[in-house]
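S.K.: Handing you this structure, nothing more for now.
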Amino acid sequence: MSARLEDPVLRSSRREAVVCFGIWLAACIYTVGYCYAFGYSRDPKTLAYVLGIPDWVFYGIVLPWTVCTLASFWVSNFFIRDEDLGEEQPEVDLSTDPSGERRVNAAAKWERKQEGGGHA
C-alpha cells in the first residue's frame, strides 16, 4: 500500500493554524498570569501609572494586545502563503435540486405552514 500524499494546502493551513493558536495561547497565559500576579492582593499605595493606566493593566493587557496586533500583521502579511487551489470549478445553481425541482428553505416552509394553519 502506498503512502497517501497530503494536500499542500491542508499542510500549509495546518501550519498557519498552529502558529496562530500558539500566539493566542502564549498571550493568554502571559496576560492571565501577569494580571493575576500583579493586579490582585496588591497594596494600593504601591500602584504606579503608565500613561494614566495602572501599571498592571498596561503591562498585562495593553502591551500584550499591541504585541499580538503586530504579530498578527506579520503572520498575515509575511507568514501565510497564497496557495494554488487548483482549477476553478463551474458555478452550480444551488436553488434547485438534481431533479430540477426548486428548493425551498426551511424559513419559507415554516411561513407557509403558519399562513395555512397546517401542522407538520
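Read-outs: derived from the displayed coordinates by stated rules, not from any lab. The structure displayed is predicted, hence computed values, not measured ones. All Cβ positions, glycine included, derive from the backbone under ideal geometry; neighbour counts span all protein chains shown.
S.K.: Just order 55-62, 26-33 by mean Cβ neighbour count inside 10 Å, highest at the front, would you?
M.R.: Highest-to-lowest ranking by the protection proxy: 55-62, 26-33.
S.K.: Now for a different question. For region 8-79, how big is Rg over Rh, using alpha carbon atoms and the Kirkwood form of Rh?
M.R.: Rg/Rh: 1.16.
S.K.: Which length gain, in nm to one decimal place, applies between GLU83 and ASP43 when the Cα-Cα distance is subtracted from 0.36 nm times their residue separation?
M.R.: Between GLU83 and ASP43, full extension yields an extra 9.0 nm.
S.K.: With the contact rule set at Cα under 8 Å and sequence spacing of 6 or more, what percent relative contact order holds for region 8-79?
M.R.: In percent, rounded to a whole number, it is 35.
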